[in-house]
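Taking it in order: structure first as structure tokens, then the write-up.
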Amino acid sequence: DALAACAQDLTERLLADGPRVPEHHFLSALVADRDGRKDDARRAYLAAVAAAKGDYPEAFLNLGLLEKGAGDAAAARKAYRRAIALRPAYAAAWLNLGKLEESLGRAADAERAWRKALEVDAKYAPALLSLGQLHSSQGRFDDAIADFRRALELRPGYAAAELSLGVALARAGRHG
């Protein structure tokens, strides 16, 4: 596709002009990831981290997403934890660590991660959505409904929270 080729050309030029610039490697990784070139993306995220002398939490977050998608939970967890170590108040890293733990059937670890995301940002609606979905799946409908309503207070019109609230209300027998 022409757009993908153009993006690839631009990232190659950026890297040629500034091979020590972490963001150039990061952009190259994003392009490779979107093109489905996972190995190239992984190498470029790691090159971004190296160029930043290890201090690039966004690269670790995206590396975690890539590894989770590739089915390597241990590598994903390691990447998310590194992002969090670099930036303890990184709500998106806590959110994604929770999603990983939930996908592995580790509900308590997932809940802890989402609560940590809310500690660092009490208005982080995606963490409330995830908590609510977990609570709903556990049959904790009152908790789930409260989570979804809070998410909607913070982000009016949040479609995923609206849908999840409706499902939780129906599952709780509150059809009105």
Notebook entry, point to check: How much of the accessible area of region 1-92, probe 1.4 Å, is carbon plus sulfur, in whole percent?
Noted result: 57 percent
Checklist line | Residue among ALA113, ALA85, ALA93 with the largest mean-square fluctuation in a Gaussian network model of the chain, springs linking Cα atoms under 10 Å | finding: ALA85
Margin query: Please enumerate, by chain and number, the lysines with C-alpha under 16 Å from the C-alpha of LYS116, excluding those fewer than 8 residues away in the same chain.
Written below: LYS99
Checklist line | Restricting region 51-113 to trypsin sites (Lys or Arg not before Pro) in coil, as DSSP defines it, with at most 15 other Cβ within 10 Å | finding: LYS53, ARG106
Checklist line | Square roots of five times the Cα gyration tensor eigenvalues for region 29-176, Å | finding: 32, 15, 14
Next item on the list: Would you calculate the separation in nanometres between label points at LEU154 and ASP1, each defined as 7 Å from the Cα along the Cα-to-beta-carbon direction?
Entry: 3.2 nm
Checklist line | Folded to 0 to 90 degrees: helix 73-86 orientation relative to the chain principal axis, Cα | finding: 80 degrees
Notebook entry, point to check: So what's region 1-68 giving for Rg/Rh, alpha carbon basis, Kirkwood Rh from the mean inverse pair distance?
Noted result: 0.96
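The values are calculated or read from the model by the stated rules, or taken from the named source; none is laboratory data. It should be emphasised that the depicted structure is a prediction, and the values quoted were computed from it without experimental measurement. Reconstructed Cβ throughout: ideal geometry from the backbone, glycine too, with neighbour counts over all protein chains shown. Surface accessibility is based on the protein's heavy atoms, side chains included, excluding ligands, DNA and RNA. Shrake-Rupley method; radii C 1.70, N 1.55, O 1.52, S 1.80 Å.
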